[in-house]
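The values are calculated or read from the model by the stated rules, or taken from the named source; none is laboratory data. This is a predicted model, so every value here is computed, not measured. Because the Cβ atoms are built from the backbone with ideal geometry, glycine has one as well, and the counts that use them run over all protein chains shown. Accessible surface is based on the protein model in full, side chains and every heavy atom, while ligands, DNA and RNA are left aside. Shrake-Rupley method; radii C 1.70, N 1.55, O 1.52, S 1.80 Å.
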Protein chains: 4
Amino acid sequence: MTIGLPASGPAAPTLQSAWPSANAVASRRPRPLSLRIGFDMQFEIGGPSPTAMLLMLFCHPEVAPQLDRPEQLVIEPQLPVQILGDAFGNRYGRLVAPVGNLRLTYDAVFQCAYEPEPQPEPSSRQHEVAELPADVLPFLLGSRYCEVDRLSAVAWDLFGALPPGGSRVLAINRWVFEHITFGYRLTRPNKTALDTYVERTGVCRDMMHLTISLCRAMNIPARYATGYLGDIDADPDPTPMDFSAFYEVYLDGRWWPMDARHGKARVGRVLMARGRDATDVALVTSFGRHRLTKFTVVTDEIPAPAQSLAMPPAPAPMALSA
Amino acid sequence: MTIGLPASGPAAPTLQSAWPSANAVASRRPRPLSLRIGFDMQFEIGGPSPTAMLLMLFCHPEVAPQLDRPEQLVIEPQLPVQILGDAFGNRYGRLVAPVGNLRLTYDAVFQCAYEPEPQPEPSSRQHEVAELPADVLPFLLGSRYCEVDRLSAVAWDLFGALPPGGSRVLAINRWVFEHITFGYRLTRPNKTALDTYVERTGVCRDMMHLTISLCRAMNIPARYATGYLGDIDADPDPTPMDFSAFYEVYLDGRWWPMDARHGKARVGRVLMARGRDATDVALVTSFGRHRLTKFTVVTDEIPAPAQSLAMPPAPAPMALSA
Amino acid sequence: MTIGLPASGPAAPTLQSAWPSANAVASRRPRPLSLRIGFDMQFEIGGPSPTAMLLMLFCHPEVAPQLDRPEQLVIEPQLPVQILGDAFGNRYGRLVAPVGNLRLTYDAVFQCAYEPEPQPEPSSRQHEVAELPADVLPFLLGSRYCEVDRLSAVAWDLFGALPPGGSRVLAINRWVFEHITFGYRLTRPNKTALDTYVERTGVCRDMMHLTISLCRAMNIPARYATGYLGDIDADPDPTPMDFSAFYEVYLDGRWWPMDARHGKARVGRVLMARGRDATDVALVTSFGRHRLTKFTVVTDEIPAPAQSLAMPPAPAPMALSA
Amino acid sequence: MTIGLPASGPAAPTLQSAWPSANAVASRRPRPLSLRIGFDMQFEIGGPSPTAMLLMLFCHPEVAPQLDRPEQLVIEPQLPVQILGDAFGNRYGRLVAPVGNLRLTYDAVFQCAYEPEPQPEPSSRQHEVAELPADVLPFLLGSRYCEVDRLSAVAWDLFGALPPGGSRVLAINRWVFEHITFGYRLTRPNKTALDTYVERTGVCRDMMHLTISLCRAMNIPARYATGYLGDIDADPDPTPMDFSAFYEVYLDGRWWPMDARHGKARVGRVLMARGRDATDVALVTSFGRHRLTKFTVVTDEIPAPAQSLAMPPAPAPMALSA
């Protein structure tokens, strides 16, 4: 059985949440980029009872129109899946997995442009709290993994001498990139921004939590995001492909994608979900015993189709097929 | 200048968020209860620049119809206030306070019934995660002051032997009531549920964070709430009147108000705001230097008016007056 | 090269530090027990420079007379080792390991009696702080992994209703034994007593830190200890043999060995070192980069020799041989 | 009743623990300095039972010969006091305080020289661990308030690029002096080095714990110390006189006094006690309920007597008088 989702999401981009369109910022026309994205996840559900699972494994509704066909999350065994939305604009599935093996696979092609994601300038303006849109305000507050209150002194000590706005954001991003050592073995499920700051190590998730906390502590709205990110514009990474965390800051009246692990703008990122921190956008939230037995992610450039970027595929209706 | 809010809020109660109406659960007709509620808060804004402030100081839209006239938040000096709503259904004000003194006062009469708030039974059913309404799911996750993941082992060790549902909720509520010593000096701004569990002390805010975390750790949705609560059905408390934190759990298809500080159902609670934890419903969030110089809260029973509880005051239009 | 240590240690047992002699407490004569003890540890020293190492890998001077011959710590490659003592009466070695492989092996036979180690009674008297020997007082204080101050509320909440002395100690020991789940993957180098209390998991080291902290919080002196402990009086343990942590409490004018992991008195424990907590008695403290590449421990019963327990082997002179 | 202690302590200074004598380092002869030191502490002992108290309120035996007469700790009501020593060379008293008021007063004159305490140079040599005296090694390890292991990454990130030895120590001392804001309200009894690093605030105790932890993390032995310190060489401090924490590092074969709160060498410090951290040298450790009702400390320069610094007062016998 497969679950089909319409390639066009329900939420139209608004001014403050708009993901910059691929060719809005560049004067020259970048070349089209086609990405094959997908995954194969297998679980052993331990029981004794079936377990509910929340799956935040789709492309975000804002970018789903850039998929070349409706999304297909294939579930084995066949199970009914409810598609839900949350207050952050994400789409996720809910199912009840019976005891035994569960396999989730996904395979799609995402169309975008070969160009670095836009970045704020040092001069990008930081808004007064009084003028921020109401839906941006929650991204100033603390959250499970972002102890904004506890990291306030650190933020002001490290970055208080810089001018507000883009300068601070860029300096925070660089500091985390330069001072936090990346390593898959250097994290744990309950690691917080504060832990990351002290231990100087973590995975991308931890690095973003720290960056987000430091931004928020200086009254700069910041939110957590997950997605696909390949090696397209980078040296090949010997570790297995994985999903990637990044974050977004609000400056100059819009959100900007930022990446404290790589320390620079990247090409070919595919947004999946956004939230206050990793709590809100866990790929899989399981409410019973389970064990991940296989996990592979694919994010590969493929030859681009002839079709123009200016013509995203037409929205397809919801399709349920087995 | 005063800011008037319509006494009827914008959000109609829905099935899952409904606050039990005062006379729906009792077969006998309880006597009407009139409460004078209000506060006087004074701040010294330190400067050098004006500071933005978020004020979550109104009655919640769900209960605002029980006020006898439109809400009046009086601000001295006169300042423009923007009224905003958040994703949790709360209403709050935003202003920019100039350097100097700021005074916020509020005075209203709230009509309800003299009866204990309804409480779950030991047999109240806990829903499977798979059947919870989507807007209830976030209240299963961790948040800034509720380290649900870290308190999971404690929750299951203490309460895992009890049957799911009301039994566990009532046992958790009683445990926190009996084991956590209340004291105004026994808290701090960054105290979390985990700290409270270990230190065995705290204020109502801390006690609710702990209870909420233990509930969520056992897959019982729980959310944080603030409001007015007098001494109406209790021995007079020698400490100055204050706002009061409580929490709500989701059982049997509805939310139930609970109070781990008092360990029992109370009479005459007036809801102000709800959220994941205290982060979301701070009475005042200030983004600059300030000092609280006066703080008094009033929650007093007054003689009930002749008018019937069955007839809440008619919604009044937005009123702005100076 | 080997390093020989005299089998008789420098410190004569004193009243308060006396390890109960094997046959002092039993009226019946227990059968003799011979234990083969030893280990094989291999390290890769990463460099670029040689690294100093402290090795707390000998039998404690108090029990060293029960070895059947002088201790031999064999070091490959041959390196000079300095033998030092600390303020707690432990003996340890210091060496400088060159870059490359380092192997430490040890093989000895320890003579004792087949009888459970003595345990306090519920009525065992807890001393007033005013009457404790001065060298016992430090074991009332907090230390790196024992946050006595932070666990004080927990200790009094859980055990305050019991009579002081043996009753409390036995209840604390049982509580930790019953509530903390043992697991090698459930620890980390910086895990403290507080973490263990909250996470309800750990290895023997963590369980002892928690028990020690709870005892000290109730003014009962408690100290950390390490040693060999086989499966002699227990079901065979499928996990590889390891060293074992335990602790000692001071009641009735003497120290008693206790074990919160196994929850009962054991047979055939061989003391290696004592201290405030694991910080003081790390088997190996290295001041440079290294990697443990092999680690095996042996603690096996072997046929007892004809010689009487009453006649410990005569102290041998210091022997250095290659 | 008063307790008299001989002005000459039992422990002769040794190479590694020697407090630099007042005129050993200066070629020119500094002028003599006479300090009146003392305190008045009053407690309410809550009961219901008497409480044992440990009082680390004497001058350290190493400097006690510089007192102009035997020490007098006056206790009201009259109580028997036991004088004890610990493993760090400190002297302390133990008494049992009955329910009611307890007053401890002390008044003495300390003779030293008006000259800054000696400080290490940037070139001061850091010893290899392999060559450190055995009694110095414990001051490389973690302790209750000094999470050396957890602060290791921070230490190397901040100071790893500097040459080992005095350069690092001076840089650490300066960093803490410049980045940690002093404030009496910015501490709490369980505040650790890690908390201080993150919160960027604390009292002298907290600042020393952080400095000590950073030093130890870089294999530089560091120990905590308490004493009297007046305003002699500094601007008058408007806050009430208090005892003062400082620390000592081991470089060039000796211990050097350092002060991260004041960031420079001071004149007229009087050593009281040393240990791993504040746990070991609490001025008063009480094992029952008590409340401090008065606390004043005196450290004032007074006219120097005619007698030469070269002639410390002759040791007096133990004197007990009422």
Between A:A97 and residues 5 or more places away or on another chain, the pairs with built amide H atoms under 5 Å apart involve A:T51, A:A52, A:M53
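State the antiparallel share, in %, of DSSP beta bridges confined to the protein assembly as shown, rounding to the nearest 5.
Numbers: 268 of 276 bridges.
Counting only bridges with both partners in the protein assembly as shown, antiparallel ones make up about 95 percent.
Would you mind classifying region B:91-140 by shape? Square roots of the alpha carbon gyration tensor eigenvalues, ordered a ≥ b ≥ c; an a/c under 1.5 is rounded, otherwise it is prolate if a/b is larger than b/c and oblate if not.
Values: a/c = 4.47, a/b = 1.73, b/c = 2.58.
Since a/c reaches 1.5 but b/c is at least a/b, the shape of region B:91-140 is classed as oblate.
What trypsin sites (Lys or Arg not before Pro) does region A:212-255 have in DSSP loop regions with at most 12 other beta carbons within 10 Å? Present the calculation step by step, with values, prior to reporting the outcome.
Numbers: sites: A:R216, A:R223, A:R254; in loops: none.
Of the trypsin sites (Lys or Arg not before Pro), not one in the loops of region A:212-255 has a Cβ with at most 12 other Cβ atoms within 10 Å.
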For region B:221-278, what is the per residue volume of the convex hull drawn over the alpha-carbon atoms, in cubic angstrom?
90
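How fast does region D:116-213 diffuse by Stokes-Einstein, in µm²/s, taking the Kirkwood radius from C-alpha pairs at 4 °C and 1.567 mPa s?
Details: Rh = 14.4 Å.
It comes out at roughly 90 µm²/s.
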What is the minimum Cβ-to-axis distance for chain D, in whole Å, where the axis maps D onto C, and to which residue does it belong?
D:A87, 2
Please go through the residue pairs D:K191/D:K294; B:K264/D:K191; A:K191/D:K191 and name each one whose alpha carbons sit more than 25 Å apart in this structure.
B:K264/D:K191
Per residue, how many Å² of accessible area does region B:138-283 show with a 1.4 Å probe?
29
Quick one: with all protein chains in place, what share of the accessible area of chain C is carbon or sulfur, to the nearest percent (1.4 Å probe)?
57
Proximal charge balance of B:E178 [Cβ under 11 Å; K/R count +1, D/E count -1]:
+1
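Report, for chain B, the % of DSSP beta bridges that are antiparallel, rounded to 5. Don't skip to the end; give the middle numbers.
On the way: 67 of 69 bridges.
Percent antiparallel among DSSP bridges in chain B is about 95.
By the scheme Lys and Arg +1, Asp and Glu -1, what is the net charge of all other residues having a beta-carbon under 14 Å from that of A:L73?
Values: positive: A:R69, A:R91, A:R94, A:R103; negative: A:D40, A:E71, A:E76, A:D107.
Around A:L73, the charge tally is 0.
List the trypsin sites (Lys or Arg not before Pro) in region A:24-96 that DSSP assigns to loop (not H, G, I, E or B) and whose Cβ has at most 16 other Cβ atoms within 10 Å. Which are they? Write down the numbers at each step before the final one.
Working: sites: A:R28, A:R36, A:R91, A:R94; in loops: A:R28.
Sites meeting the loop and neighbour criteria: A:R28.
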What is the magnitude of the charge dipole of region B:113-182 about its Cα centre, with +1 placed on the Cβ of each Lys and Arg, -1 on the Cβ of each Asp and Glu, and no other charges, expressed in debye to the nearest 20?
180
Which ³J(HN,Hα) values, rounded to whole Hz and listed in residue order, are derived for region A:84-93 from phi using the Karplus coefficients 6.51, -1.76 and 1.60 in 6.51 cos²θ - 1.76 cosθ + 1.60 with θ = phi - 60°, glycine and proline given as x?
10, x, 10, 5, 9, x, 7, 10, 8, x
Along Cα-to-Cβ, 7 Å out, sits the label point; list in nm, shortest first, how far the one on D:V298 is from those in the other copies.
5.4, 7.0, 8.5
How far, in nm to one decimal, is C:S123 from itself in the other copies if the label point is set 7 angstrom along Cα toward Cβ? Shortest first, please.
5.1, 7.2, 8.8
What ³J(HN,Hα) values, in whole Hz, does the Karplus curve 6.51 cos²θ - 1.76 cosθ + 1.60 give for region B:190-195 when θ = phi - 60°, with x put for Gly and Pro?
9, 6, 10, 4, 5, 4
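Before we go on, tell me the buried accessible area for the A/B pair, both chains summed, 1.4 Å probe, in Å² to the nearest 100.
Details: alone 14260 and 14260 Å², together 26110 Å².
Separately minus together, A and B give about 2400 Å² buried.
Kirkwood Rh and Cα-based Rg: tell me the resulting Rg over Rh for chain C, rounded to two decimals. List each step's numbers first, then the result.
Values: Rg = 19.5 Å, Rh = 20.3 Å.
The Rg/Rh ratio comes out at 0.96.
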Across region C:100-107, in residue order, what do the Karplus-derived ³J(HN,Hα) couplings come to in whole Hz, using 6.51 cos²θ - 1.76 cosθ + 1.60 with θ = phi - 60° and x for Gly and Pro?
x, 8, 10, 10, 10, 10, 8, 8
Given the options C:Y145, C:W156, C:P133, identify the residue whose Cα lies farthest towards the positive end of the charge dipole of region C:121-164 (+1 on Cβ of Lys, Arg; -1 on Cβ of Asp, Glu).
C:Y145
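Does region C:189-250 classify as rounded, prolate or oblate by the C-alpha gyration tensor (a ≥ b ≥ c root eigenvalues; a/c under 1.5 gives rounded; else a/b over b/c gives prolate, otherwise oblate)? Let's see the in-between values first.
Details: a/c = 2.46, a/b = 1.49, b/c = 1.66.
The shape class here is oblate.
Suppose we keep just the DSSP beta bridges with both residues in region A:144-253; what percent of those would be antiparallel, to 5? Write down the numbers at each step before the final one.
Working: 6 of 8 bridges.
Of those bridges, close to 75 percent are antiparallel.
What is the Å³ per residue value for the convex hull set by the Cα atoms of the protein assembly as shown?
Details: hull volume 272.1 nm³, N = 1288.
Taking only Cα atoms, the protein assembly as shown has a hull volume of 211 Å³ per residue.
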Count the net charge of all other residues whose Cβ sits under 11 Å from the Cβ of A:T296, scoring Lys and Arg as +1 and Asp and Glu as -1.
-1
When every protein chain stays in place and a 1.4 Å probe is rolled, D:T279, D:T181, B:T239 sorted by accessible area with the largest first are D:T181, B:T239, D:T279
Compute the accessible area of each residue in region C:110-147 twice, once for its chain alone and once with every protein chain present, using a 1.4 Å probe on heavy atoms, and list those whose area falls by at least 50 Å².
C:V129, C:A130, C:L137, C:L141, C:R144
How many nanometers, to one decimal and shortest first, lie between the label point of D:L84 and those of its other copies, if labels sit 7 Å from Cα toward Cβ?
2.7, 5.9, 5.9
